[in-house]
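Student: Here it is: the structure, laid out below.
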Amino acid sequence: AKITYVEHDGTEHVVDVKPGMSVMEGAIKNNIPGIDADCGGACACATCHVYVKQEWLDKTGSPSAMEESMLDFAENVEPNSRLSCQIKVSDELDGLVVTMPESQH
Ligand code: FES
């Protein structure tokens, strides 16, 4: 699926991410700056925080209780905040756009 990662300064990275990988893994694999993922995807660090573009919120679903509690540790949390390691890429998400927060710039 084609995923667009937008850095805080507006720089866009469009990459193809294999279904089954997480949005975070897609960023790491393609050396996209702004997603640190210190915990390696265990939902335990909140350094993979992204904002999901409004029109995609239906498809990405809502965060789990564990993700919600980890998001409390992220900065500048918005209603469309997600931890990108908890979003699984599928063909459904082809065209997804996520933006990285200022704190990960
Ligand atoms: Fe650590 Fe997502 S990579 S919470």
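Student: Can you work out which of the residues in segment 33-44 that are more than 6 Å from the ligand (Cβ to nearest atom) and buried (at least 18 other Cβ atoms within 10 Å of the Cβ) is farthest from residue 86 (Cα to Cα)?
Tutor: Restricting to residues being more than 6 Å from the ligand (Cβ to nearest atom) and buried (at least 18 other Cβ atoms within 10 Å of the Cβ), the top hit is 34.
Student: Applying the selection to segment 53-105, what residues are touching a residue at least 40 places away in the same chain (Cβ under 8 Å), farther than 17 Å from residue 22 by Cα and touching a strand residue (DSSP E or B) at 6+ places or on another chain (Cβ under 8 Å)?
Tutor: Of everything in segment 53-105, those that are touching a residue at least 40 places away in the same chain (Cβ under 8 Å), farther than 17 Å from residue 22 by Cα and touching a strand residue (DSSP E or B) at 6+ places or on another chain (Cβ under 8 Å) turn out to be 101, 103, 104.
Student: Further question: Among the numbered criteria (1) touching an Asp or Glu at 6+ places or on another chain (Cβ under 6 Å); (2) touching a residue at least 40 places away in the same chain (Cβ under 8 Å); (3) part of a loop (DSSP other than H, G, I, E, B), which single criterion is violated by residue 45?
Tutor: Every listed condition holds for residue 45 apart from (2).
Student: Could you grab me the full set of residues in segment 16-59 that are touching a Phe, Trp or Tyr at 6+ places or on another chain (Cβ under 7 Å) and farther than 16 Å from residue 76 by Cβ?
Tutor: 27, 32
Student: Scan segment 6-40 residue by residue and report those that are within 18 Å of residue 61 (Cα to Cα) and either touching an Asp or Glu at 6+ places or on another chain (Cβ under 7 Å) or not aliphatic (A, V, I, L, M) (or both). I'd like the intermediate steps shown before the answer.
Tutor: Step one: filter segment 6-40 for residues within 18 Å of residue 61 (Cα to Cα), giving 19-24.
Matches in segment 6-40: 19, 20, 22.
Student: What residue, of 47, 4, is of a type in the set (S, T, N, Q) and within 10 Å of the ligand (Cβ to nearest atom)? Quick ask: steps written out before the conclusion?
Tutor: Numbers: 4 fails: within 10 Å of the ligand (Cβ to nearest atom).
It is 47.
Student: Looking at segment 10-32, which of its residues are touching a residue at least 40 places away in the same chain (Cβ under 8 Å), assigned to a loop (DSSP other than H, G, I, E, B) and surrounded by 15 or more Cβ atoms within 10 Å (Cβ to Cβ)? Give the derivation first.
Tutor: Here is the first cut: in segment 10-32, the ones touching a residue at least 40 places away in the same chain (Cβ under 8 Å) are 17-27.
When the remaining residues are screened for being assigned to a loop (DSSP other than H, G, I, E, B), the result is 17-18, 20.
Listed by number, the list holds a single entry, 17.
Student: Still on this structure: Mind listing whichever residues of segment 48-66 are closer than 21 Å to residue 6 by Cβ, in a helix (DSSP H, G or I) and over 11 Å from the mean Cα position of the chain (by Cα)? Outline the logic, then answer.
Tutor: Of the residues in segment 48-66, the ones closer than 21 Å to residue 6 by Cβ are 48-61, 63.
Narrowing the set further to residues that are in a helix (DSSP H, G or I) leaves 54-60.
Within segment 48-66, 54, 55, 56, 57, 58, 59 meet the criteria.
Student: Further question on the same structure: Listed residues 69, 90, 81, 62; which is modelled with pLDDT under 95, of a type outside the set (D, E, K, R) and more than 7 Å from the ligand (Cβ to nearest atom)? Can you show your working first?
Tutor: Numbers: 69 fails: modelled with pLDDT under 95; 90 fails: modelled with pLDDT under 95; 81 fails: modelled with pLDDT under 95.
When all the criteria are applied, what remains is 62.
The values are calculated or read from the model by the stated rules, or taken from the named source; none is laboratory data. No experiment lies behind these values; they were computed from the predicted model shown. So basically every Cβ, Gly included, is an ideal-geometry build from the backbone, and we count neighbours across all protein chains shown.
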